[in-house]
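Each value in this text was obtained by applying a stated rule to the coordinates, not by laboratory testing. What you see is a predicted model, and the numbers here were worked out from it, not measured in a lab. Every residue, glycine among them, receives a Cβ derived from its backbone with ideal geometry; neighbour counts consider all protein chains shown.
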Amino acid sequence: MMLRKFCSELSFPIVQLSLPEITYEQLQLLVILIAFIAMLIFEGFYTREKPLKTFRRSYLTNIVLFIFNSAVMSLLSVCSLLTIADQYSTGGLLSQISNPIIKIVASFMLLDLTLYFWHKANHTFGFLWMFHKVHHSDPFFNTSTAFRLHFVELLLTTGIKALYIIVLGVDKAVVIISEAVITVFVIFHHMDISVPGEKWLGQFIIVPYLHRAHHSVRREEHDRNYGAVFSIWDRLFNTMIEVKPAEIGLKCVKARSFIELLFFGFSRAYP
């Protein structure tokens, strides 16, 4: 009897325990991190290049840059895209579509098209290229290159996505899914691997061999293949190129540290 009472009293606080609530942003980040780690491990086994010391340094620099960018976005209290979606999802151009499936597909396709034009703009206009060249400065093409972004470019991209949400009236759930899917695709097409059936897949989506050409040191090659998920935009607007680049990165730009990359983004020294 006393043992039963003791067990009852002992279990009471345990019953009250509950797991902490996970926000949509945290869940989204968790999915992205799991995908990144999985592709990082896969790349480690099947990479096209031997992971030399400088290659590993590229990983370290890019990951530190990712952590720094996340901290900057948080410190600046950049308005969450989900908050914007909460406020504007009932209006916008897509509010006229009643079928939820068609609305989701249209939202995703239009976001990918928006990112295509935004990416092309980053290569066309000098002010935008000034920051975007940080991404292209990596002399080693690998999964971590996906996170090699200058914080100013990240802020500007967030603004473009916010405008897209407001104009179209995109639902919060669609924003969550789209952001996660596109980020996973961006990590995927930066993998230094050869994908089985990549020539066929490349007819529809951006695969590593297509995006590797986009990181060529030759301007006429890296000003191509702007797609994030679908390769149809590059084919439609005649910006597709299928070549094997002789060299990756930027001419006369060597591997740089995290601090050097921050200042490099504000330099117009490179054309």
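Which order do the peptides 209-222, 140-153, 34-47, 57-70 come out in when sorted by mean C-beta neighbours inside 10 angstrom, highest first?
140-153, 209-222, 57-70, 34-47
May I have the count of lysine pairs in the chain with C-alpha atoms under 16 Å apart, counting pairs 8 or more residues apart or located on different chains? Don't jump to the answer; show the numbers that get you there.
Numbers: LYS53/LYS254; LYS103/LYS172; LYS120/LYS133; LYS120/LYS161; LYS133/LYS251; LYS133/LYS254; LYS161/LYS172; LYS199/LYS244.
Lysine pairs meeting both conditions in the chain amount to 8.
Using 7 Å Cα-to-Cβ label points, what is the ALA173/VAL105 separation (nm, one decimal)?
1.7
Output the relative contact order of the chain, whole-number percent, from Cα pairs under 8 angstrom with separation of 6+ residues.
Across the chain, relative contact order equals 25 percent.
Hey, of (1) 21.7, 83; (2) 20.8, 72; (3) 17.6, 54, which did the structure itself give for Rg and Dmax of the Cα atoms in Å when calculated?
It is the value labelled (1).
Could you tell me which helices of the chain pass both thresholds, a Cα extent of 30 Å or more along their own axis and a mean Kyte-Doolittle hydropathy of at least 0.0, with helices taken as whole DSSP H runs?
Those that pass (Cα extent of 30 Å or more, hydropathy at least 0.0) are 24-46, 53-75, 100-124.
Excluding TYR116 itself, what net charge comes from residues whose Cβ is under 15 Å from its Cβ, given Lys and Arg +1 and Asp and Glu -1?
Counting the neighbours of TYR116, the net charge comes to +1.
Mind giving me the nanometre distance, one decimal, between the label points for ARG219 and SER194, set 7 Å out from Cα along Cα→Cβ?
3.2
Does region 123-199 come out rounded, prolate or oblate, given a ≥ b ≥ c as the square roots of the eigenvalues of its C-alpha gyration tensor, rounded meaning a/c under 1.5 and, failing that, prolate meaning a/b above b/c?
Note, shape of region 123-199 comes out oblate.
Listed highest first by mean packing, meaning other Cβ atoms within 10 Å per residue, what order do 126-135, 155-164, 89-98 come in?
Top of the packing list down: 126-135, 155-164, 89-98.
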